[in-house]
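Visitor: Let me begin by handing over the structure; questions about it come next.
The values are calculated or read from the model by the stated rules, or taken from the named source; none is laboratory data. Every value quoted in this text rests on a predicted model; they were computed, and no experiment measured them. Glycine gets a Cβ as well: all are built from the backbone with ideal geometry, and neighbour counts include every protein chain shown.
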């Protein structure tokens with residue numbers, strides 16, 4: 001990590017370090033959503049800029065309706081920015097066709113209900129779709145990558161199980177495995193810890209940490225878990241009411257006044273010996 | 001790299017082209033047996049030897065060796081009807097499998113979007129306006145189906161794209177409106193036309209081709225069938241992903257909008273084709289894909305071809321029974337598929353519930 005301390009700026013400081021080119025480059029991106037063309041925008045995202053590099057975990061934090069999911073959808077290419085640029089490995093996102101995009105970016109979100117039962121193995125093989133042609137049947141190479149993806153999330157033993165028989169944590173791992181089978185450069189996760197107990201949450205973020213460190217993934221996570229984000233992410237993007245307030249190291253973003261104001265709750269922030277901040281809910285005494 | 005195959009999970013069978021071909025060959029064999037049995041059965045019984053002799057001699061270009069009555073029964077009566085049954089079975093089952101994925105609804109069948117009601121309205125209008133004109137009823141039925149497909153398409157869009165839930169509601173509304181119009185028009189029909197119409201609403205394979213050029217007629221029908229069913233088959237791996245969720249499919253690189261449009265148009269075309277030549281034969285398009293799911297799994301790369309062949313087998317068998325169980329009277333094949341289909345459907349549904 002070569003991030004200069006520059007806590008006051010909303011521009012990502014790492015853009016100026018001149019090291020390896022960023023994997024993800026987001027420059028002055030804005031977005032507005034209106035019900036019709038003429039009506040006033042119901043929701044907008046103000047100019048947001050940051051870079052994300054290989055091996056990094058970046059957490060996107062903010063209260064509900066702050067624009068976290070909108071930012072993630074912009075990064076996934078589901079919606080197009082009103083202005084600004086999003087580049088992945090130097091190529092503008094909007095210029096990638098659907099399949100190429102799916103080879104670079106994988107999105108993990110809460111899975112919709114499966115209509116017909118599917119085995120874990122078949123589900124993970126779906127991640128190989130961007131590499132196939134019409135009707136192509138899976139090759140040995142696809143099996144290899146799907147098998148590796150399952151192994152990376154520690155779900156080898158689940159391959160023959162039915163998707164609808166898995167527990168919440170197991171299912172989350174399998175969904176992650178499908179995303180890894182895409183061999184993406186950028187891994188996006190939308191509130192991945194939502195349905196997990198505390199053990200499951202810690203296990204998941206440790207796994208993400210390991211994946212980012214060992215496999216060159218750039219991981220971006222939308223989450224409500226302030227302390228997990230502080231502990232495991234390299235950088236934090238803090239959003240509030242459609243504005244990007246801060247981008248920086250956890251210790252830079254986790255300022256007591258700022259967090260109290262954004263989350264509208266009595267919070268204390270302490271910095272632990274490892275340099276990572278911790279948020280504590282102040283009691284009513 | 002010998003280790004690659006070892007990485008495949010044990011117990012999980014990968015779907016390979018060979019496996020698809022093998023299962024299809026098996027079903028083709030079953031279909032062949034069903035066709036031979038269907039050729040044998042009827043008021044004029046034929047032995048397997050007679051059938052083989054008739055077919056082989058004609059194929060070898062020596063039809064004069066075959067007794068005239070054999071030729072009449074095989075080529076004039078039974079074979080065209082079997083061919084029509086195969087056409088309708090393939091079209092309805094493929095369309096049914098397509099609609100189940102498109103609408104993300106296991107209970108979808110080819111008629112759920114009102115295509116058959118549109119076709120029926122066309123048919124009844126042709127009976128009123130131009131009765132006894134050869135080909136008019138088929139043409140009018142197809143025009144009715146095409147008009148319904150178009151209207152439901154525009155009603156079923158949301159934000160410029162086909163939306164499964166909106167499409168389903170639009171289709172159901174269109175179907176019930178058209179049925180009401182049909183009921184009204186049926187009161188104006190005379191006795192004989194009314195009976196013909198009732199047969200047609202139930203589904204019936206007995207109407208002869210509307211032209212003397214039987215070969216050309218079937219060539220045309222099977223040509224359209226091949227285009228529609230082929231296009232649906234080409235989207236099979238996309239449909240697998242769309243069934244897991246449209247957004248997920250989009251992220252994995254599927255052009256969901258285009259796939260849905262192709263499947264909607266082709267499945268509707270196949271339904272319109274089937275309904276214009278045979279009326280609304282029920283249950284095939286709903287049941288056959290489900291039976292194939294139970295037998296061979298949910299992968300559309302296998303489901304589409306097996307449903308097509310399964311539909312052909314089901315109709316050939318059902319029509320043979322319809323011709324023979326209460327001979328010399330004939331039942332409409334749609335009555336047969338409903339009598340057999342409803343209990344099978346209830347059985348499948350209860351199995352799911354458990």
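Visitor: Report, by residue number, each residue of the range B:326-337 that is touching a helix residue (DSSP H, G or I) at 6+ places or on another chain (Cβ under 8 Å) and without any contact (Cβ under 8 Å) to a residue 60 or more places away in the chain.
Guide: Going through the range B:326-337, the residues touching a helix residue (DSSP H, G or I) at 6+ places or on another chain (Cβ under 8 Å) turn out to be B:330-337.
B:331, B:336, listed by residue number.
Visitor: Something else now. Take the range B:158-193 and flag every residue that is at pLDDT below 80 and touching a helix residue (DSSP H, G or I) at 6+ places or on another chain (Cβ under 9 Å).
Guide: Residues satisfying the conditions are B:160, B:161, B:189, B:193.
Visitor: With the checklist (1) surrounded by fewer than 20 Cβ atoms within 10 Å (Cβ to Cβ); (2) out of contact with any helix residue (DSSP H, G or I) (no Cβ under 7 Å at 6 or more places or on another chain); (3) at pLDDT 90 or above in hand, flag the one item residue A:110 doesn't pass.
Guide: (3)
Visitor: Kindly indicate the residue of the range A:152-179 that is closer than 19 Å to residue A:107 by Cα and facing chain B (nearest Cβ under 10 Å) and also nearest to the chain's Cα centre (by Cα) among those meeting that condition.
Guide: Step by step, filter the range A:152-179, then rank; the result is A:179.
Visitor: What number of residues within the range B:246-282 are surrounded by fewer than 24 Cβ atoms within 10 Å (Cβ to Cβ), on the phi > 0 side of the Ramachandran plot and in contact (Cβ under 8 Å) with a residue 24 or more places away in the chain?
Guide: Total satisfying the criteria: 0.
Visitor: Quick check, is residue B:278 facing chain A (nearest Cβ under 8 Å) and in contact with a helix residue (DSSP H, G or I) (Cβ under 9 Å, 6 or more places away or on another chain)?
Guide: no
Visitor: What helices (runs of 4 or more DSSP H) completely inside the range A:42-134 contain at least 2 residues that are more than 8 Å from chain B (Cβ to nearest Cβ) and without any contact (Cβ under 8 Å) to a residue 60 or more places away in the chain?
Guide: In the range A:42-134, the matching helices (runs of 4 or more DSSP H) lie at A:68-76, A:120-125.
Visitor: Determine whether residue B:116 is buried (at least 19 other Cβ atoms within 10 Å of the Cβ) and farther than 21 Å from residue B:219 by Cβ.
Guide: So residue B:116 fits the description; yes.
Visitor: Filter the range A:135-150 for residues that are buried (at least 20 other Cβ atoms within 10 Å of the Cβ) and part of a helix (DSSP H, G or I); which is farthest from the other protein chains (Cβ to nearest Cβ)? Can you show your working first?
Guide: Step one: of the range A:135-150, the residues buried (at least 20 other Cβ atoms within 10 Å of the Cβ) are A:138, A:142-143, A:145-147, A:149-150.
Filter once more, so that each one left must be part of a helix (DSSP H, G or I): A:142-143, A:145-147, A:149-150.
Working: A:142: 9, A:143: 5, A:145: 10, A:146: 9, A:147: 5, A:149: 12, A:150: 9 Å.
Among residues in the range A:135-150 that are buried (at least 20 other Cβ atoms within 10 Å of the Cβ) and part of a helix (DSSP H, G or I), the one farthest from the other protein chains (Cβ to nearest Cβ) is A:149.
Visitor: If only one of B:62, B:49 is surrounded by fewer than 16 Cβ atoms within 10 Å (Cβ to Cβ), at pLDDT 85 or above, away from chain A (no Cβ under 14 Å) and out of contact with any helix residue (DSSP H, G or I) (no Cβ under 8 Å at 6 or more places or on another chain), which one is it?
Guide: On the way: B:62 fails: at pLDDT 85 or above.
Result: B:49 is the single residue among B:62, B:49 that is surrounded by fewer than 16 Cβ atoms within 10 Å (Cβ to Cβ), at pLDDT 85 or above, away from chain A (no Cβ under 14 Å) and out of contact with any helix residue (DSSP H, G or I) (no Cβ under 8 Å at 6 or more places or on another chain).
Visitor: Another one. Restricting attention to the range B:104-138, report how many residues are under 18 Å from the mean Cα position of the chain (by Cα) and closer than 18 Å to residue B:274 by Cβ.
Guide: 14
Visitor: Give the residues of the range A:208-224 that are in contact with a helix residue (DSSP H, G or I) (Cβ under 7 Å, 6 or more places away or on another chain) and either free of Cβ contacts under 8 Å to residues at least 12 places away in the same chain or surrounded by fewer than 19 Cβ atoms within 10 Å (Cβ to Cβ) (or both), sorted by residue number.
Guide: A:209
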